[in-house]
Amino acid sequence: MRRSALVLAIAATLLAATPVFAHAAATVADAPAAAAPAVTASSADNSAATAKAAQLDKLYADFWEASLKLNPLQATFIGDPRYNDQMPNFLAKDYIDETNRFNEEWLAKAKAIGPEGLTGQALLSYQIFIEQQQDAVDGARFHNELLPIDQFNNLALMAVQLGSGTNAQPFQTVKDYDDWLARASKIPAIYDTAIANMREGVKEGIVQPKVLMVKVIPQLDAVIKDKPEATEFWDPIKNMPKNFSAADKARLTAAYRHLIADELMPSYRRLRDYIANDYMAHTRSSVGMSALPDGKAWYAYDVRTQTTTDETPEQIHAIGLAEVARIKKEMDALRVQVGYKGDLKAFFHYLQTDPRFTFKSEKALLDGYNSVYAKVMKGVPRDFSILPKAKFEIRPVEAYRAKSAAGGQYQPPSMDGSRPGIFYVNTYDLPSRKTWDMEDLFLHEAIPGHHFQLSIQQEQTGLPMFRRFGGFNAYVEGYALYCETIGYELGMYTDPYQKFGQLQAEQFRAMRLVVDTGIHALGWSREKAIKYMLDNSAMSPVDIEAEVERYIAMPAQALAYKTGQMKISELRAKAAKALGPKFDVRAFHTQLLEDGSLPLAVLEDKMDRWIATQQH
């Protein structure tokens, strides 16, 4: 997703680690008709496998319930209201130790049952669960809690989103209002633990790059206000339902004023002052993971979990260089097609600076995306027969986080459908938002990208909950980037400049392979990364700076997009070649989407089996 990690990162903290490479088990070979005893044995085997699958389904259900209790924010984000009043201290040692024990125990429970005899979805779920839990166990050696805040992963901003009434935390009933009072009262202790952890990080030599932390100060300054009524935390009081009793209105107003003035704002000031007046002096000038203790292994772990492959940073870097060169040639061909006389670099400058490619107002930008929405939906039936039930909305990014947010981002709907899927459009720095970037961005973030994939996955009620609400970045982001490449099929890119937008977006993801590995494995500086992206794309300096700092803050996350897209495009080409006239793109997309997010190796094995069934 072209987004910060704010929307779901805290909800997934310490629990929802992305699973690593999971291989599908060997398939059962065809056999001739067997004698009666063999049939009996087979029946017994089938019965045992059925019983084992049922045992595992119960384990997955119990695991899910336990995970929501341990991580109540995760429950809130999927629309389960049972724990809306709870907020554990995610950064505290006791909580981290409890989480590590949790992951080890559930891994052991599943391994004790084992995969023997499982087939189909039962085997698939087992593979995913084992790899997910093993990955979480493996990640315990790396101390993320010592790096608790940066400009993208910022609980202080997440708290504002929750407490403003515009995000996952509901504010519809008196109980909802009391739930937030209880939950928010735990926030100051988390900030104080963040400060303590940063102090420990200073001692251990595990500190953030200075270039990231200087961006955090203005984020916090934008939240801190002298009067409670001036904060976003006051918005639920301003928007209090009219049917609340006078007594409840008075009680809640007084309670929220106390919460904000006497608890939240002082904790924000403590966090802000520590970072500005103490931590900043200890931040590092280096930007790569390799500069940290155990940093090389830490980054290798991130690469493995984000890509679900065994490719090394050096291999990924080489793939990126080749893709950047290929896409650059296509860009140059399009430059010739539109009749631009200058060279490619001049063409990039023209696309960034000519007023014809800018929006006159925020309304014009939002209206433009609504027009794209209507256009895409006309083309969807040609390529897709599986559609989500969830509703969908387009909204502008909130002002308090717009400066550091990506150009567009998607938030999935709630489990019960009460909250729609939301495509957030960033209207900050309007001149940097380009008209030629609209169609590809919508295809990726909204339809048929994240909105289709994440909503359809959540709606697969036959899957275990950990699969419905889990995810592998290489699949999730790879699929969304793949959706950009099929724009022509959906009736998009009729304007060659919109096609340039797609090439630009693909180049953007290819450059990430080069830059992310360059920063964290090959010793690149922030300045070298920025120059590389300026030289090879039409991205604005503002966007490039934000993106490079995103890669610094979230190592390896950006590698997932192109890795996944290349695999999905490869699988489609394989299916089209093998099936010839029998190839049905709608059936391919159904197979791609109906089982939810999978590690790339598991996806390939699944699609290979589907191709084989279509050939007969």
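Within the stretch 98-113, whose backbone N sits under 12 Å from a point 7 Å along Cα→Cβ of residue 47? No residue qualifies, since no backbone N sits under 12 Å from the label point. Can you pick out the pairs among 403/528; 69/210; 210/329; 242/360; 58/378; 215/329 whose Cα atoms lie more than 31 Å from each other? Over 31 Å apart, Cα to Cα: 69/210; 210/329; 242/360; 58/378; 215/329.
Taking other C-beta atoms within 10 angstrom as a stand-in for reagent exposure, 361, 286 fall in the order 361, 286, fewest first. Based on alpha-carbon atoms, the Kirkwood radius and the radius of gyration of the chain give Rg/Rh equal to 0.97.
Please work out whether the stretch 69-190 counts as rounded, prolate or oblate from its C-alpha gyration tensor, where a ≥ b ≥ c are the square roots of the eigenvalues and a/c under 1.5 means rounded, while otherwise a/b larger than b/c means prolate and anything else oblate?
Here the stretch 69-190 falls in the prolate category.
With a cut-off of 18 Å on the backbone N, the residues of the stretch 163-195 near the modelled label site 7 Å out from residue 255 along Cα-Cβ are 163-165, 169-188. A simple spin-label model places the labels of residue 62 and residue 325 5.6 nm from each other, with each point 7 Å out along Cα-to-Cβ. Straightening the chain between residue 489 and residue 291 buys 66.7 nm, computed as 0.36 nm per residue apart minus the Cα-Cα spacing. Sorting 48-55, 183-190 by their mean Cβ neighbour count within 10 Å, with the most densely packed peptide first, gives 183-190, 48-55.
Mean separation of Cα pairs under 8 Å and 6 or more residues apart, divided by the residue count, gives the chain a relative contact order of 19 percent.
Under 14 Å between alpha carbons, and skipping anything fewer than 8 positions from residue 109 in its own chain: which aspartates and glutamates qualify? Leaving aside aspartates and glutamates fewer than 8 places away in the same chain, those within reach of residue 109 are 57, 62, 131. Using alpha carbons only, the radius of gyration of the stretch 249-402 set against its Kirkwood radius gives Rg/Rh = 1.09. State the Cα centre-to-centre distance between the stretch 235-302 and the stretch 339-379 in whole Å. After rounding, the separation between the Cα centres reads 36 Å. Each peptide among 556-566, 213-223 gets the average number of other Cβ atoms lying within 10 Å of its residues, and from highest to lowest they stand as 556-566, 213-223. One chain, two ends: residue 314 and residue 361. Fully extended at 0.36 nm per residue, the span grows by 12.6 nm beyond their Cα-Cα distance. What you get for the chain, charging only the Cβ of Lys and Arg (+1) and of Asp and Glu (-1), is a dipole of about 1160 debye around the Cα centre.
Here the extension length gained between residue 111 and residue 578 equals 164.4 nm, from 0.36 nm per residue of separation less the Cα-Cα distance. The per residue volume of the convex hull around the alpha-carbon atoms of the stretch 155-288 is 103 Å³. Spatial offset of the stretch 422-457 relative to the stretch 396-414 amounts to 10 Å, using the alpha carbon center of each. In this entry, the stretch 125-165 is assigned a mean projected area of 4.6 nm², taken as a quarter of its C-alpha convex hull surface.
Here, each number is a calculation from the coordinates, and none is a lab measurement. Worth saying up front: this structure is predicted, and the values here are computed from it rather than measured. Virtual Cβ from ideal backbone geometry, glycine too; neighbours counted across all protein chains shown.
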